[in-house]
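Take a look at the structure below.
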C-alpha cells in the first residue's frame, strides 16, 4: 500500500511526509505574506517564499494522494 511505482513507503511514512510538507508549506506561505506586508519593496523574498510554498504544498498533496 502507498506505492506510486517510484518510491515504496508504508502508510505511516506517507502520513509523516505529508504532515511535514504541510507544515513547511504553511510556514513559507506565512513568510510570503509577512514579507509582502513588512518589506513591500523586497520582491525576491515574496517570489522565493511563494515558490517554496507551492513546492512543499505540491509535495504534501502528492504524499496524501500516494498514501
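Which value in deg cm²/dmol, rounded to the nearest 500, describes the helix-derived mean residue ellipticity at 222 nm for the chain, given -39,500 (n - 2.57) per DSSP H run of n ≥ 4 and division by the residue count?
Values: 2 runs with 52 residues, N = 67.
Taking each H run of at least 4 residues, the total per residue is -27500 deg cm²/dmol.
Using only alpha carbon pairs under 8 Å that are at least six residues apart, calculate the relative contact order of the chain and give it in whole percent.
Values: 73 pairs, mean separation 30.4, N = 67.
Over the chain, the number comes to 45 percent.
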For the chain, using Cα atoms only, the Rg and Dmax in Å read 14.7, 48
Acute angle (nearest 10 degrees) that the helix 43-66 long axis makes with the longest principal axis of the chain, alpha-carbon atoms: 20 degrees
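If each residue of separation counts as 0.36 nm, what is the full-extension length gain between residue 34 and residue 64 once their alpha-carbon separation is subtracted? Can you show the working numbers first?
Working: separation 30, 0.36 × 30 = 10.80 nm, distance 2.76 nm.
Contour length minus Cα-Cα distance gives 8.0 nm.
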With a 10 Å radius around each residue's Cβ, average the other Cβ atoms per peptide and rank 13-26, 31-44, highest first. 13-26, 31-44
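The numbers here are math on the coordinates, done by the rules we state, and not lab data. In this text the structure is predicted, and so the values were computed from the model without any measurement. Quick reminder, even Gly has a Cβ in these numbers, built from the backbone with ideal geometry, and neighbours come from all protein chains shown.
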